[in-house]
Structure formats: C-alpha cells, structure tokens
Amino acid sequence: MQRVGDQVRVNAQLIDTETGGHVWSDRFDRLRSNYLELQDDITGRIARTLGLELVVLAARSIELEHQTNPTASDLALQGWAAVYKPTTPETREEARRLFEHALEIDPHTLRAMTGLSLTLANLVINGQSPDPAGDLSRADELSQQAVGLDPNNAAAHALRARALQAQRRQKEAAEQYRISLQINGNIATTTLFLGETFVFTGKSLDAIPLFDRAIELSPRDPGLGTWQFEMGRAMILLRRDDEALTWLSRSVATNPRLAYGQLYYAAIMAIKDDIAAARAALAAAGRLNPNYTSLAKFRATDLSDDPAYVEQRAYVEGALRKAGLPEQ
C-alpha cells in the first residue's frame, strides 16, 4: 500500500501456491478521507473480481480434466462461468444447458438453482425465451426454493429479486435486493439491479448513485456493457442527453450485442439528430431482439407499467419514432 497526498494505492495479486504461477492482479486508487469506506470499497472490488476469476479458473480446470462424469457442483460452477462471460444469447443458452444438467443430477444444488433461475429470468427479460410463461414460472419456483433452502444466502435473495423483476413486481424485487445487501453489502450486481428497480418506479435520479457504486466495485466486470447501459437509460429518462450519449456510446462499444443498448443508443442518436446512426442502431436492436421491432412490442415486454416511469419513457418512445420505429 502506498500513500500519495489524499490518495491511497493498494496493489493486490493472487498467486497459485501450488505452482507459484500468477493468477490475477489489480491496482486500487482511492481517497483515504474515510478509512472505513475505503476498506469496504477495496474489499468489495477484490471480492467481486476474485470471485469472477476463481469461478472461471475452476470451470476451465474441470474442462481440461475432461471429466466424463462431472458432479452437479462441477456443472453448476461451469454454468456460472458462462454467466460471467460477456452477455450474448449463446452464453445464456450455454449457462442454461449446464444448470439444467446439474439439476438433473442433484435437484437440490443451490448454485444450480440460483443460476438457472437467473438465466431463465434474463431470457424472458431480454425476449430470448422460447417459452416465456413456462420459463418465468420455473424461475419463480426455483428462486423461492433457493431462499427456502438458505435464507441467509445473499445471492439467493438477489436472484429471487431478479425473478420478481421479470414479473414486473419491482417494489417486491427492491425489498429482496435490500435484504441481500444487508447480508452482503459489497455485491456489485445486486447494487446495480436495486438501482434498476428505482428506474422502473420513476426514480432514476435515486438510481444513479447505485449504478456509480456498482461500477466502482467492479470496473472491469464482464457485464460492464449492461451497467453502462443502465446509467445511460437513467440519464435519457431524466433528459440529461449529453450524459446519456456518453454512457450509451460506451455501452454499445463495450458490447454491441446488447439489444437494449442498441435500442436506447438509437433513441439518443435520434435526439441528437443523427438519423443515419439512429436507424443503424435500431436495425441492430431489431436483429438482436424481435421485441424491438415496434413500439407496441417494446411496451408490451418492458418491465414496468408504473405511471411515473411510463411518463418518463414517453421521451424515449418519441425519439424511437423519429428513428423510424413503427407503432405496430
């Protein structure tokens, strides 16, 4: 640890004690005005980053060993490694397949239950489910079972919340995210999605500090494109167009295969009168998600009908009309 003025720099690295090989390293620069907050920030970032690294390394080790009879825990771990890859329809399908296989071997594998619940909820949310009603029902059932199995598990509550979000039950979801953060306050994704519930209840301004905190906890996260989108969407709903442009541009640059990122990028480009760029992004969004081919489908599959949110969303709808998105 080094101190320079009001800054503290912490260098962390992970070494494999068996081989002496270098696994991971990172540097953390923070203000030292509040030592307790500094400690939380650093431990939170290290926990998230190491959690991702270790899951991926363990899953890779299982693959390299060519196990012919993997255990349910092995498959669940591989499933989470797929979840932690940059988000695409293919990675979601890979995760689903692995979690399903794990639960076939052992229906009570908690990691597989929470992983499959999350994957199914995200497939429904992103319009990629071949059976939305069936997948949503199963995600709801699995998430309730997971909380029942381990009510002190922060991830179980967070993934119960995600299933509730997929059912447009944003206020109930927010309560589950809060419970999760009471158990472990340094989970970046939980912090992010609590902010998303604020967006969907018309409180985008309150969501921004949570999005900032999530990105601060895991600035190199595989899901960073989604996180940048969340910030951009909050900004456009608040009509802070220049900031929305910055964040949505980052999102499509980080992960151009995020349909919602492309959709909102189309909206902000239309607002900025770059119609050619808006139409190109709109076409990309429609290719990635058929629910983004008309305003009617967009509204029908959005995750909230809260009046305050719907009023804010009208600004985005107007921009999408300008970009060429038809009503039906």
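The values are calculated or read from the model by the stated rules, or taken from the named source; none is laboratory data. This one's a predicted model, so the numbers in the text were calculated from it and none came from an experiment. Don't worry about glycine lacking a Cβ; one is built from the backbone with ideal geometry, like all the others, and counts go over all protein chains shown.
Quick notes on this one:
- Just one of the listed residues (LEU248, LEU303) is within 20 Å of the chain's Cα centre (by Cα) and surrounded by fewer than 20 Cβ atoms within 10 Å (Cβ to Cβ), namely LEU303.
- Residue in region 296-328 that is farthest from GLY286 (Cα to Cα), counting only those that are charged (D, E, K, R) and in a helix (DSSP H, G or I): GLU311
- Reported count of residues in region 211-241, each being buried (at least 20 other Cβ atoms within 10 Å of the Cβ), part of a helix (DSSP H, G or I) and not small (Gly, Ala, Ser), is 12.
- Any hit, region 162-175, residues being more than 28 Å from SER294 (Cα to Cα), surrounded by fewer than 19 Cβ atoms within 10 Å (Cβ to Cβ) and within 19 Å of the chain's Cα centre (by Cα): yes
- Screening the candidates LEU282, LEU320, LEU263 for the property of being surrounded by 22 or more Cβ atoms within 10 Å (Cβ to Cβ), closer than 22 Å to PRO130 by Cα and modelled with pLDDT of 95 or more yields one hit, LEU263.
- None of LEU245, LEU282, LEU217, LEU238 is in the same structural domain as LYS322 (by TED's automatic domain parsing), out of contact with any Phe, Trp or Tyr (no Cβ under 7 Å at 6 or more places or on another chain) and farther than 20 Å from LEU320 by Cβ except LEU217.
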